[in-house]
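The values are calculated or read from the model by the stated rules, or taken from the named source; none is laboratory data. Values in this document were obtained by computation on a predicted structure and should not be read as measured data. Positions of Cβ are backbone-derived with ideal geometry, glycine not excepted, and every protein chain shown enters the neighbour counts.
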Amino acid sequence: MSAVNVLVIGVGPHTRLNHLPALAAAQDAGLAGTLTGVDLPHLAGTLVDYGAPGRLRRMPVIAVEAFPAARSTLPRRVSGVLDDVVAREQVGAVVVATEPSVHLPYALWAIGRDLPVLLDKPLTTHPGASTDPAAARAIADDFDTLLDAYRRACQRDPRMVVSVLSQRRWHPAFRTMRELIAEVAEATNCPVTSVQSNHGDGQWRLPDELVDLSYHGFDRGYGKASHSGYHHFDTVPWLLAAGERPGKEIDEIEVHAACTRPADSLAQLTVADHERLLPGFADRNPYSAADLERLTTGFGEVDVFLNVAYRSRGRMMTLASSNLAHSTFSQRGNLHPVTSGLYKGNGRIGQETHIIQQGPFQALHLHVLQTLHDNQGIDPTAPGGADHIALHVFRNNQLRPDWERHRTLGFADLSQGNGPAAVLPTQRSARTHAVTEFLAYLAGSIPRTGLTSDLADHRRSARLMSAAYLSMAHRFTSGHPATAALDFHPAPALVSDRTLAAIGAAQ
């Protein structure tokens with residue numbers, strides 16, 4: 001087993017909080033070698049500290065120029081810098097964790113050079129996705145472009161991999177739900193018949209911050225669905241697939257979206273309301289209500305609620321709702337942000353629920369409820385800390401006496417394994433194992449069939465995200481409710497069974 005040197009493209013707050021700790025753990029395990037960062041000039045030219053206290057390391061950051069998000073390929077001045085870094089640092093893998101509207105060109109650059117890629121979510125997005133139908137449709141087209149490039153790379157080297165860091169696929173609670181769905185589908189031939197998913201992150205963004213703070217903001221014409229919505233666009237079809245049965249495969253979706261934008265948020269809680277609630281806001285805020293309405297025209301979604309119909313051969317298989325919101329319960333009470341950008345902390349409270357019905361046979365209720373935010377001195381991911389997780393499993397034991405009528409799985413029940421290799425039912429642990437799996441595959445420790453989140457398995461996720469934005473954009477341009485329908489077939493296999501057998505024999 002040899003460590004691989006990693007190029008990390010994008011070293012903003014998201015990467016520093018999530019990817020670098022996981023890569024530090026991979027270095028400790030001998031899976032990752034050196035790390036080299038790449039970012040825009042204002043973040044480059046310095047050393048970024050990462051790792052646990054007492055074991056801090058430093059990653060150099062190389063500067064590349066900004067370029068328009070409309071590009072599907074990197075400008076030569078950018079690709080030239082990256083090529084030089086790859087040669088000089090002997091890079092063997094790439095993490096793409098930039099602002100998502102430029103995921104596509106960076107990922108295509110790496111795939112074209114046969115460099116394995118760990119691609120952050122969402123796969124891609126486009127400026128104006130929630131206001132321009134063409135930009136919304138492009139999200140689905142981007143997947144096809146990525147998959148075509150990936151297929152060609154696999155023809156050159158069947159061990160090439162592009163893994164998508166959609167961490168709920170590694171989260172023990174979601175993996176357990178998938179296993180339970182598959183078990184009941186096998187026993188009854190019944191698919192999942194309804195899903196209700198809710199996610200809120202408790203971000204209270206003040207009126208002037210809607211304009212002045214761009215990181216994870218709304219000024220590019222997209223918002224919540226691109227910030228964290230992909231987790232749900234990916235998780236729900238992934239769970240549904242576990243319940244698909246012959247003749248009941250999902251082949252089409254219809255999506256209806258309703259969203260709030262900053263102008264709506266400013267009607268819910270006005271400038272005057274903020275002045276009354278937060279002493280000092282009136283002195284800080286340079287914008288009138290009219291200024292804010294004008295400046296936020298065309299901004300992206302703050303909250304979006306989706307109704308989704310999943311069909312098979314023209315018949316409804318599953319009805320689903322996915323409610324994705326920034327404007328939910330928060331613990332922010334201060335005028336000035338504790339950390340810049342409002343990305344984490346600042347009172348943000350994550351609360352997530354899923355209710356899954358499988359006909360008359362099974363119901364699953366997952367509740368992940370955070371009560372304290374990250375700035376309060378308590379590790380929210382520790383058992384007994386600020387995260388409360390419970391999976392309730394209900395089964396029809398009148399039909400099947402061998403089934404248990406109701407059981408509840410908590411933190412300890414859902415934890416998998418022991419010691420440093422344990423997967424805890426937390427987002428942080430799931431991310432770490434996503435990174436570990438990617439690097440372990442490169443080291444030859446796991447087979448291709450053991451990959452949890454290969455790019456080829458994300459066609460449905462990309463199309464669901466595209467359809468959600470199509471509905472939002474049609475409503476924005478027409479002023480009327482609109483639905484968007486897309487085919488929902490999974491992508492064909494990238495590598496043949498014969499080639500997989502040959503690779504396995506070689507290993």
Count of the range 81-105 residues which are farther than 12 Å from Thr36 by Cβ, of a type outside the set (Gly, Ala, Ser) and assigned to a loop (DSSP other than H, G, I, E, B): 2
Please enumerate the residues belonging to the range 432-456 that are surrounded by fewer than 21 Cβ atoms within 10 Å (Cβ to Cβ) and either of a type in the set (S, T, N, Q) or within 13 Å of Phe488 (Cα to Cα) (or both). Ser445, Thr449, Thr452
Every residue from the range 448-474 that is among the small types (Gly, Ala, Ser) and touching a residue at least 24 places away in the same chain (Cβ under 8 Å): Ser453, Ala456, Ser461, Ala462, Ser466, Ala467, Ala468, Ser471, Ala473
Matching residues in the range 484-494 (touching a helix residue (DSSP H, G or I) at 6+ places or on another chain (Cβ under 6 Å) and assigned to a strand (DSSP E or B)) number 2
When restricted to Arg113, Arg152, the only residue modelled with pLDDT of 95 or more, surrounded by fewer than 23 Cβ atoms within 10 Å (Cβ to Cβ), over 21 Å from Glu65 (Cβ atoms) and among the basic types (Lys, Arg) is Arg152
Taking only pairs six or more apart or across chains, which ones have beta-carbon atoms under 7 Å, a first residue in the range 59-84 that is assigned by TED's automatic domain parsing to the domain that holds Tyr106, and a second residue that is of a type in the set (Ser, Thr, Tyr) and surrounded by fewer than 15 Cβ atoms within 10 Å (Cβ to Cβ)? Val61/Thr46
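For every residue, the table says whether it meets (1) assigned by TED's automatic domain parsing to the domain that holds His103; (2) of a type in the set (Ser, Thr, Tyr); (3) surrounded by fewer than 20 Cβ atoms within 10 Å (Cβ to Cβ); (4) assigned to a helix (DSSP H, G or I).
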site: Ser197; (1), (2), (3), (4): no, yes, no, no
site: Arg205; (1), (2), (3), (4): no, no, no, no
site: Tyr215; (1), (2), (3), (4): no, yes, yes, no
site: Asp219; (1), (2), (3), (4): no, no, yes, no
site: Asp234; (1), (2), (3), (4): no, no, no, yes
site: Ile253; (1), (2), (3), (4): no, no, no, no
site: Ala272; (1), (2), (3), (4): no, no, yes, yes
site: Arg276; (1), (2), (3), (4): no, no, yes, yes
Residues satisfying the stated conditions in the range 298-316, i.e. closer than 18 Å to Ala467 by Cα and assigned to a strand (DSSP E or B): Asp303, Val304, Phe305, Leu306, Asn307, Val308, Ala309, Tyr310, Arg311, Ser312, Met316
Considering (1) touching a Pro at 6+ places or on another chain (Cβ under 7 Å); (2) without any contact (Cβ under 8 Å) to a residue 60 or more places away in the chain; (3) in a loop (DSSP other than H, G, I, E, B), say which one Gly333 fails and leave the rest. (1)
If you check Glu249 against the conditions, is it in a loop (DSSP other than H, G, I, E, B) and among the acidic types (Asp, Glu)? yes
Residue pairs qualifying under the 6 Å Cβ cut-off, at least six apart or on distinct chains, with the first in the range 125-146 being under 15 Å from Leu108 (Cα atoms) and not assigned by TED's automatic domain parsing to the domain that holds Ser466 and the second being crowded, with 21+ Cβ neighbours inside 10 Å and among the aromatic types (Phe, Trp, Tyr), are Thr125/Tyr222
Scanning for something farther than 30 Å from Ala467 by Cα and assigned to a helix (DSSP H, G or I), does the range 340-358 turn up at least one residue? yes
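Yes/no per residue for (1) surrounded by 20 or more Cβ atoms within 10 Å (Cβ to Cβ); (2) modelled with pLDDT of 95 or more:
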| position | (1), (2) |
| --- | --- |
| Asn5 | no, yes |
| Gly10 | yes, yes |
| Val38 | yes, yes |
| Arg71 | no, no |
| Arg77 | no, yes |
| Ser101 | yes, yes |
It is to be established whether one or more residues within the range 109-119 are touching a Ser or Thr at 6+ places or on another chain (Cβ under 6 Å), under 22 Å from Leu20 (Cβ atoms) and part of a strand (DSSP E or B). yes
Quick check on the range 13-66: of everything there that is of a type in the set (D, E, K, R) and over 24 Å from the mean Cα position of the chain (by Cα), which residue is farthest from Gly419 (Cα to Cα)? Glu65
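Results for (1) assigned to a loop (DSSP other than H, G, I, E, B); (2) not hydrophobic (A, V, I, L, M, F, W, C), shown as yes or no for each residue.
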{"site": "Ala26", "(1), (2)": "no, no"}
{"site": "Gly33", "(1), (2)": "no, yes"}
{"site": "Gly37", "(1), (2)": "no, yes"}
{"site": "Ile62", "(1), (2)": "no, no"}
{"site": "Pro68", "(1), (2)": "yes, yes"}
Breaking point among (1) surrounded by 18 or more Cβ atoms within 10 Å (Cβ to Cβ); (2) assigned by TED's automatic domain parsing to the domain that holds Glu209; (3) among the hydroxyl-bearing types (Ser, Thr, Tyr), for Ser321: (1)
